[in-house]
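Written below as structure tokens is the structure these notes are about.
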Amino acid sequence: MIEPLRVSVIGLGFFGVRHARVHADHPAAELIGVADLDPARVAGVAGMTGALGLPITASCSPCPALHGASLCLFYAPDWARMIDNGGPNRLIADHLEDLH
């Protein structure tokens, strides 16, 4: 069997929530984490999908196990915060040990 694509969703507005549901339900994907500036959205989507929920301002380090991310951000400051924190492929690296 092929290893599932390990992904995250950054930004949990209208499109981000839908991306998270699709990733969580798709047999070829593993939704690792979801992130947003709104803690209530993070908690809701993390609870719905079983993914790790993190704020966009989470500390970051390299994450070779994460294959990609759906970026569903509207405001430019959201992009700046994410980039300042290492980018989408590094957003959840410090928290992967919570999954084991």
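Numerical summary
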| item | result |
| --- | --- |
| Extension gain (nm, one decimal) between residue 21 and residue 3, 0.36 nm per residue minus Cα-Cα | 4.5 nm |
| Rounded accessible area of residue 37 (nearest 10 Å², 1.4 Å probe) | 80 Å² |
| Estimated distance in nm for a label pair at residue 38 and residue 14, the labels positioned 7 Å out from Cα along Cα-to-Cβ | 1.3 nm |
| Net +/- balance of residues flanking residue 17 in space, Cβ distance below 11 Å, scoring K and R +1, D and E -1 | +2 |
| Amide proton proximity set for residue 36, modelled H, under 5 Å, gap of 5+ | 11, 54, 56 |
| Long-range HN-HN contacts of residue 73 with modeled amide H, under 5 Å | none |
| Residues listed by number, segment 20-56, amide nitrogen under 16 Å from residue 67 label point at 7 Å toward C-beta | 20, 22-33 |
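The values are calculated or read from the model by the stated rules, or taken from the named source; none is laboratory data. These numbers were taken from a predicted model, which means no experiment stands behind them. All Cβ positions, even for glycine, are placed from backbone atoms using ideal geometry, and neighbour counts span all protein chains on display. Note: areas computed on protein heavy atoms with side chains; ligands, DNA, RNA excluded. Shrake-Rupley method; radii C 1.70, N 1.55, O 1.52, S 1.80 Å.
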